[in-house]
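J.: Okay, handing you the structure first.
The values are calculated or read from the model by the stated rules, or taken from the named source; none is laboratory data. Owing to the predicted nature of the structure, the values given are computational and were not obtained by experimental measurement. Because the Cβ atoms are built from the backbone with ideal geometry, glycine has one as well, and the counts that use them run over all protein chains shown. SASA here: full protein model, heavy atoms, side chains in, ligands and nucleic acids out. Shrake-Rupley method; radii C 1.70, N 1.55, O 1.52, S 1.80 Å.
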Amino acid sequence: MSNTEFPDDEIRHEQEFIDGLYARVDVLRGDAETSVADALAQGDKPMQARLERDILVAERSGLLAALNAVDGSLCFGRIDLADGTEHHIGRIGLREEDAERTPVLIDWRADVARPFYLATGHTPMGLRRRRHIASEGRTVTSLHDEILDLGDATRTGHEDPSGDAVLLAALNSARTGRMSDIVQTIQADQDRIIRAPHQGVLVVEGGPGTGKTAVALHRAAYLLYEHRELLARRAVLIVGPNPAFLGYIGEVLPSLGETGVLLATVGELFPGVRATAADTPEAAAVKGRAGMADVLAAVVRDRQALPDPVIAIEHDREVLMLDEGLVRVARERTRAARLPHNAAREHFEGHILNTLTELYAERVGTDPYDGSSLLDASDITQIRDELAENPEVWDAVDQLWPRITPQRLVADFLAASDGHLPEEDADAVRRPVTRAWTVADVPLLDEAAELLGEDDRTARARAERERETQVAYAQGVLDVSYASRTYEFEDKEADDPDASEVLSAHDIIDAERFAERQEEADHRSAAERAAADRTWAFGHIIVDEAQELSPMAWRLLMRRSPTRSMTLVGDPAQTAEAAGVGSWADILAPYVEDRWEHTRLGVNYRTPAEIMDLAAAVVRAEHPDFEPPSSVRSTGERPWVRHVADDLPGAVAKAAAELAPAEGRLAVIAPRALHRSLAARLDGVTAGAEPDLTRTVVLLDPRQSKGLEFDAVLVVEPGAYGTSDLYVALTRATQRLGVLHTGSLPPGLAGSE
């Protein structure tokens with residue numbers, strides 16, 4: 001009988017495929033040892049060998065880690081070709097034992113899978129049908145078929161006339177507090193960005209809800225698939241605006257089988273430092289200026305001091321005077337080497353020792369009658385060596401060319417920046433030395449580290465001592481082995497004259513090689529090693545909310561990307577940070593001039609048209625020519641705006657109960673100054689803590705809400721926000737929006753009450 005008469009046969013067919021798929025996955029993911037043992041017990045050696053080989057391949061290729069990370073349906077689609085071939089599409093690829101055959105499950109990133117995202121009735125790309133498979137766990141719940149070959153009369157009973165059912169279902173689904181992947185619903189314009197070439201800088205611009213972040217994350221997954229060897233070795237860095245955002249997106253790449261990615265904020269990109277304090281907008285703006293690089297360079301030069309007026313060094317009953325002129329010569333010669341400050345110290349030490357040696361030799365080794373030198377080269381060398389043992393010499397060097405850490409340099413500068421900054425700017429950034437670091441401090445620390453460099457002689461000496469200890473230990477082990485062999489074979493030689501010819505470890509390896517073999521390998525992933533190494537060069541960098549980064553933050557990131565392989569995602573209309581650059585040309589011109597690609601996403605998938613109209617009116621009040629992205633859906637429910645006469649916290653609690661969805665998440669977005677009073681009236685909400693986005697109600701300020709989405713949003717006191725912050729706050733909702741205010745409404749909202 002035909003599938004037209006029994007449409008459930010289609011679901012049965014897909015369910016059988018899913019069952020077979022997971023049966024294979026279970027072997028690799030959790031039941032591997034049991035399956036091998038069963039095969040061995042049954043004497044099925046071919047099956048045992050095949051299972052052991054599959055497990056080994058899965059471990060070495062990273063497939064096992066991917067299977068353990070994937071959450072949700074492995075298979076979400078199928079494409080039927082005109083020649084009768086079927087390909088199932090999934091989050092990862094799975095092959096049969098014959099590697100030459102077409103995979104059982106096609107990875108969504110493979111070229112074969114691309115028609116699943118791009119084919120249309122006008123351009124079917126060789127497809128008859130595209131099928132979306134919906135499932136809960138391992139159970140197929142529904143199918144949605146799109147007919148691409150209109151001349152094919154075969155029908156399954158699962159046709160989706162509009163082709164939008166799966167997309168709309170995803171858009172209308174309740175939020176969980178964690179971003180979901182969009183691998184089932186990638187649109188054609190998004191697919192082109194995801195698969196864009198790896199090299200160079202790609203700018204992806206788009207308004208709220210256009211899927212910029214999701215596209216960037218799927219691009220990371222695609223690049224890791226397409227350039228596995230390079231990027232697995234160099235890692236991919238994803239930079240987000242705040243820790244809450246990183247938590248929100250943290251499960252997307254693991255759900256696609258990719259775990260080798262470093263997610264970080266700018267405040268986490270200096271190893272050993274975590275930014276926990278907050279700057280005023282004025283301080284952040286000053287610290288973020290590009291000119292701060294020159295200011296810090298001047299601060300470092302000021303640490304390369306001159307005597308005031310002289311430094312006296314007593315040596316062997318003689319007093320040697322280091323005056324300004326002598327030290328200036330040593331300083332200029334050292335600077336001529338153009339090395340970072342700490343790395344150049346060794347050169348400065350040499351110049352100072354040579355200067356003192358000349359002073360001393362002239363004092364004690366000159367013939368008083370004819371002025372000739374009484375010292376030969378060996379005498380001069382001895383004098384220099386003796387001076388190098390004089391503590392007063394090193395006290396002088398420490399005073400004139402001190403070793404400095406980036407933390408000490410920046411902390412001292414921020415505590416007393418007078419003389420390097422205009423008075424108003426110095427007042428803005430001034431703070432106690434002991435205060436915690438801010439996000440805007442981290443690029444300054446990175447710049448300082450570049451200017452200072454490292455004097456690695458201490459580290460080299462420590463490594464050499466450790467090496468000598470290891471070799472000595474290895475030699476001891478070999479000596480014990482040799483002694484044991486000697487005693488053993490002395491007893492055997494009488495019975496077996498050839499016994500003494502048997503080789504031992506002592507005969508075939510020396511202590512140095514033996515020590516090398518015992519050195520512990522570094523088993524950290526590339527992402528883990530990159531997180532601990534300030535100088536790491538990433539294979540690709542993705543920056544979300546890129547318009548918010550300061551010029552100094554861009555200097556930091558460009559050091560991490562010497563190949564300039566980057567994807568920048570953002571929206572200049574949402575620039576809110578005082579130090580944000582906003583303009584793509586201004587960001588990139590110092591590094592790549594005009595050699596970058598720009599693309600724009602213009603469709604809003606998140607925000608219903610009713611809410612988007614209200615948000616756009618706010619921006620148009622300041623920028624009349626503003627054009628928002630077009631929303632793909634309408635809910636029929638208009639946002640509301642209400643005035644509160646008194647008891648704002650009580651009104652917020654009442655409105656939150658009204659807006660809260662039966663399933664999903666509600667965000668209350670309010671100025672930080674109101675958080676404590678509002679949290680006291682909202683169940684389960686704590687003020688001041690890092691927000692837990694998985695809770696039913698979340699309290700945020702506008703900056704914290706960047707990049708996030710919720711089923712419903714309540715915006716409190718919109719008049720306290722700037723235009724960009726208010727635009728962000730109003731566009732976080734996928735279903736319902738309410739606004740409460742006690743004062744006057746900002747332009748664009750006035751008249752909406």
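J.: Does the range 689-697 include one or more residues that are in a loop (DSSP other than H, G, I, E, B) and closer than 17 Å to ILE611 by Cβ?
T.: The first filter runs over the range 689-697 and keeps only residues in a loop (DSSP other than H, G, I, E, B), leaving 689-696.
Then keep just the ones that are closer than 17 Å to ILE611 by Cβ; that gives none.
No; the residues of the range 689-697 include none that is in a loop (DSSP other than H, G, I, E, B) and closer than 17 Å to ILE611 by Cβ.
J.: While we're here: Restrict the check to the range 622-639 and report whether at least one residue is of a type in the set (A, V, I, L, M) and closer than 22 Å to VAL739 by Cα.
T.: Quick first cut of the range 622-639, residues of a type in the set (A, V, I, L, M) only: 632.
Then keep just the ones that are closer than 22 Å to VAL739 by Cα; that gives none.
Within the range 622-639, none of the residues are of a type in the set (A, V, I, L, M) and closer than 22 Å to VAL739 by Cα.
J.: Can you say whether GLY257 is crowded, with 21+ Cβ neighbours inside 10 Å, over 28 Å from TRP554 (Cβ atoms), within 40 Å of the chain's Cα centre (by Cα) and of a type in the set (Gly, Ala, Ser), as far as the supplied structure shows? Write out each step before concluding.
T.: Details: crowded, with 21+ Cβ neighbours inside 10 Å: yes; over 28 Å from TRP554 (Cβ atoms): yes; within 40 Å of the chain's Cα centre (by Cα): yes; of a type in the set (Gly, Ala, Ser): yes.
Yes.
J.: Now for a different question. If I filter the range 618-633 down to residues being within 35 Å of the chain's Cα centre (by Cα) and of a type in the set (Gly, Ala, Ser), which single residue comes out as least open to solvent (accessible area, probe 1.4 Å)?
T.: SER631
J.: Let me ask you something else. Within the set of pairs 6+ apart or on separate chains, which have a first residue in the range 413-440 that is farther than 21 Å from ARG303 by Cβ, a second that is open to solvent by 80 Å² or more (accessible area, probe 1.4 Å), and C-beta atoms under 8 Å apart?
T.: Qualifying pairs under 8 Å: ALA428/GLU282; ALA436/THR276.
Conditions tested, residue by residue: (1) assigned to a loop (DSSP other than H, G, I, E, B); (2) surrounded by 15 or more Cβ atoms within 10 Å (Cβ to Cβ); (3) touching a helix residue (DSSP H, G or I) at 6+ places or on another chain (Cβ under 9 Å).
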| site | (1), (2), (3) |
| --- | --- |
| ASP294 | no, no, no |
| ARG301 | no, no, yes |
| PRO307 | yes, yes, yes |
| VAL319 | no, no, no |
| VAL327 | no, yes, yes |
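J.: Filtering the range 664-699 down to residues that are small (Gly, Ala, Ser) and modelled with pLDDT under 90, which residue is nearest to ALA170 (Cα to Cα)?
T.: Here is the first cut: in the range 664-699, the ones small (Gly, Ala, Ser) are 664, 667, 670, 673, 677, 679-680, 684, 687-689.
Then keep just the ones that are modelled with pLDDT under 90; that gives 684, 687-689.
On the way: GLY684: 28, ALA687: 32, GLY688: 32, ALA689: 31 Å.
Going through the qualifying residues, I end up with GLY684.
J.: Within the range 580-599, is there a residue that is within 17 Å of PRO208 (Cα to Cα), in contact (Cβ under 8 Å) with a residue 40 or more places away in the chain and not in a helix (DSSP H, G or I)?
T.: As a first pass, look at the range 580-599 and keep what is within 17 Å of PRO208 (Cα to Cα): 582, 599.
Going one step further and asking which of them are in contact (Cβ under 8 Å) with a residue 40 or more places away in the chain, we end up with 599.
Pick out the ones that are also not in a helix (DSSP H, G or I) and you get 599.
For the range 580-599, residues within 17 Å of PRO208 (Cα to Cα), in contact (Cβ under 8 Å) with a residue 40 or more places away in the chain and not in a helix (DSSP H, G or I): present.
J.: Any residue in the range 281-291 that is out of contact with any His (no Cβ under 6 Å at 6 or more places or on another chain), of a type in the set (Asp, Glu), touching a residue at least 12 places away in the same chain (Cβ under 8 Å) and in a helix (DSSP H, G or I)? It would help to see each step written out before you state the result.
T.: Narrowing the range 281-291 to residues out of contact with any His (no Cβ under 6 Å at 6 or more places or on another chain): 281-291.
Those left that are additionally of a type in the set (Asp, Glu): 282.
With touching a residue at least 12 places away in the same chain (Cβ under 8 Å) added as a condition, the list becomes 282.
Applying the additional criterion that residues be in a helix (DSSP H, G or I) yields 282.
Taking every residue of the range 281-291 in turn, at least one turns out to be out of contact with any His (no Cβ under 6 Å at 6 or more places or on another chain), of a type in the set (Asp, Glu), touching a residue at least 12 places away in the same chain (Cβ under 8 Å) and in a helix (DSSP H, G or I).
J.: Please work out if LEU223 is closer than 22 Å to ILE541 by Cα, out of contact with any Phe, Trp or Tyr (no Cβ under 6 Å at 6 or more places or on another chain) and surrounded by 15 or more Cβ atoms within 10 Å (Cβ to Cβ). Steps first, answer last, please.
T.: Working: closer than 22 Å to ILE541 by Cα: yes; out of contact with any Phe, Trp or Tyr (no Cβ under 6 Å at 6 or more places or on another chain): yes; surrounded by 15 or more Cβ atoms within 10 Å (Cβ to Cβ): yes.
Taking the combined requirement at face value, the residue satisfies it.
J.: Within the range 194-206, track down each residue that is open to solvent by 10 Å² or more (accessible area, probe 1.4 Å) and either of a type outside the set (Asp, Glu) or free of Cβ contacts under 8 Å to residues at least 12 places away in the same chain (or both).
T.: The first filter runs over the range 194-206 and keeps only residues open to solvent by 10 Å² or more (accessible area, probe 1.4 Å), leaving 195-200, 202, 205.
Of everything in the range 194-206, those that are open to solvent by 10 Å² or more (accessible area, probe 1.4 Å) and either of a type outside the set (Asp, Glu) or free of Cβ contacts under 8 Å to residues at least 12 places away in the same chain (or both) turn out to be ARG195, ALA196, PRO197, HIS198, GLN199, GLY200, LEU202.
J.: Sticking with this structure for a sec: Scan the range 360-373 and tell me whether some residue there is exposed (fewer than 12 other Cβ atoms within 10 Å of the Cβ) and of a type in the set (Phe, Trp, Tyr). Quick ask: steps written out before the conclusion?
T.: Step one: of the range 360-373, the residues exposed (fewer than 12 other Cβ atoms within 10 Å of the Cβ) are 367-372.
Pick out the ones that are also of a type in the set (Phe, Trp, Tyr) and you get 369.
Yes: the range 360-373 contains one or more residues that are exposed (fewer than 12 other Cβ atoms within 10 Å of the Cβ) and of a type in the set (Phe, Trp, Tyr).
J.: Exactly one condition in (1) over 28 Å from ALA733 (Cα atoms); (2) in a helix (DSSP H, G or I) is not met by ALA573; state its number.
T.: Evaluating ALA573 over (1) over 28 Å from ALA733 (Cα atoms); (2) in a helix (DSSP H, G or I) leaves (1) as the failure.
J.: So if I check each of ALA621, ALA617, ALA576, which one is of a type in the set (A, V, I, L, M), touching a Pro at 6+ places or on another chain (Cβ under 6 Å) and touching a residue at least 60 places away in the same chain (Cβ under 8 Å)?
T.: Going through ALA621, ALA617, ALA576 in turn, just one is of a type in the set (A, V, I, L, M), touching a Pro at 6+ places or on another chain (Cβ under 6 Å) and touching a residue at least 60 places away in the same chain (Cβ under 8 Å): ALA621.
J.: For the range 687-709, give me the residue count where each residue is out of contact with any strand residue (DSSP E or B) (no Cβ under 8 Å at 6 or more places or on another chain) and open to solvent by 20 Å² or more (accessible area, probe 1.4 Å). Walk me through it before giving the result.
T.: Pass one, the range 687-709, residues out of contact with any strand residue (DSSP E or B) (no Cβ under 8 Å at 6 or more places or on another chain): 688-690, 693-695, 703-704, 706.
Now drop any that are not open to solvent by 20 Å² or more (accessible area, probe 1.4 Å), which leaves 688-690, 694-695, 703-704.
Number of matching residues: 7.
J.: Pairs only if they're at least six apart or on different chains, beta carbon under 6 angstrom, first in the range 650-665 and touching a residue at least 60 places away in the same chain (Cβ under 8 Å), second open to solvent by 30 Å² or more (accessible area, probe 1.4 Å); list them, first residue then second.
T.: LEU659/ARG736; GLU663/ALA174; GLY664/ALA174; GLY664/ARG175; ARG665/ARG175
J.: Here's something else I'd like to know. GLN399 versus (1) in contact (Cβ under 8 Å) with a residue 40 or more places away in the chain; (2) surrounded by 14 or more Cβ atoms within 10 Å (Cβ to Cβ): which is the lone unmet condition?
T.: The number of the failed condition is (2).
J.: Then there is this: Suppose we filter PRO608, PRO661, PRO562 for residues that are exposed (fewer than 15 other Cβ atoms within 10 Å of the Cβ), of a type outside the set (Ser, Thr, Tyr) and either within 29 Å of ALA216 (Cα to Cα) or more than 31 Å from the chain's Cα centre (by Cα) (or both); which single one remains? So that I can check it myself, show each step before the final result.
T.: Values: PRO608 fails: exposed (fewer than 15 other Cβ atoms within 10 Å of the Cβ); PRO661 fails: exposed (fewer than 15 other Cβ atoms within 10 Å of the Cβ).
Only one candidate qualifies: PRO562.
J.: Is at least one residue of the range 262-272 under 30 Å from GLY539 (Cβ atoms), open to solvent by 20 Å² or more (accessible area, probe 1.4 Å) and either touching a His at 6+ places or on another chain (Cβ under 8 Å) or assigned to a strand (DSSP E or B) (or both)? Reasoning before the result, please.
T.: Within the range 262-272, the subset under 30 Å from GLY539 (Cβ atoms) is 262-272.
When the remaining residues are screened for being open to solvent by 20 Å² or more (accessible area, probe 1.4 Å), the result is 262-263, 268, 271-272.
Still in the running and either touching a His at 6+ places or on another chain (Cβ under 8 Å) or assigned to a strand (DSSP E or B) (or both): 262-263.
Checked against the condition, which is being under 30 Å from GLY539 (Cβ atoms), open to solvent by 20 Å² or more (accessible area, probe 1.4 Å) and either touching a His at 6+ places or on another chain (Cβ under 8 Å) or assigned to a strand (DSSP E or B) (or both), the range 262-272 yields at least one hit.
J.: Right, next: Tell me which residues, restricted to the range 715-733, are within 23 Å of THR635 (Cα to Cα) and touching a helix residue (DSSP H, G or I) at 6+ places or on another chain (Cβ under 7 Å). Write out each step before concluding.
T.: Of the residues in the range 715-733, the ones within 23 Å of THR635 (Cα to Cα) are 715-716, 726-733.
If the condition is that a residue be within 23 Å of THR635 (Cα to Cα) and touching a helix residue (DSSP H, G or I) at 6+ places or on another chain (Cβ under 7 Å), then VAL715, VAL716, LEU726, TYR727, VAL728, LEU730, THR731, ALA733 are the ones that fit.
J.: Considering only the range 156-200, state which residues are among the acidic types (Asp, Glu) and either more than 27 Å from the chain's Cα centre (by Cα) or modelled with pLDDT of 90 or more (or both). Lay out the reasoning, then the answer.
T.: At the first step, the residues of the range 156-200 found to be among the acidic types (Asp, Glu) are 159-160, 164, 181, 189, 191.
Hits for the range 156-200 are GLU159, ASP160, ASP164, ASP189, ASP191.
J.: Just checking, how many residues over the range 718-747 are touching a strand residue (DSSP E or B) at 6+ places or on another chain (Cβ under 7 Å), open to solvent by 10 Å² or more (accessible area, probe 1.4 Å), under 27 Å from LEU549 (Cα atoms) and in contact (Cβ under 8 Å) with a residue 60 or more places away in the chain?
T.: Of the residues in that region, 0 qualify.
J.: Does GLY247 satisfy the criteria of being part of a helix (DSSP H, G or I), within 14 Å of the chain's Cα centre (by Cα) and closer than 24 Å to LEU445 by Cα?
T.: Details: part of a helix (DSSP H, G or I): yes; within 14 Å of the chain's Cα centre (by Cα): yes; closer than 24 Å to LEU445 by Cα: no.
It is false that GLY247 is part of a helix (DSSP H, G or I), within 14 Å of the chain's Cα centre (by Cα) and closer than 24 Å to LEU445 by Cα.
J.: In the range 627-661, what count of residues is obtained for those that are part of a strand (DSSP E or B) and among the β-branched types (Val, Ile, Thr)? Working first, answer last.
T.: Step one: list which residues in the range 627-661 are part of a strand (DSSP E or B), which gives 630-631, 640-643.
Pick out the ones that are also among the β-branched types (Val, Ile, Thr) and you get 641.
Residues in the range 627-661 being part of a strand (DSSP E or B) and among the β-branched types (Val, Ile, Thr): 1 in total.
J.: To continue, here is another question. For the range 86-124, how many residues are within 16 Å of ASP145 (Cα to Cα) and either modelled with pLDDT under 90 or part of a loop (DSSP other than H, G, I, E, B) (or both)?
T.: Count: 4.
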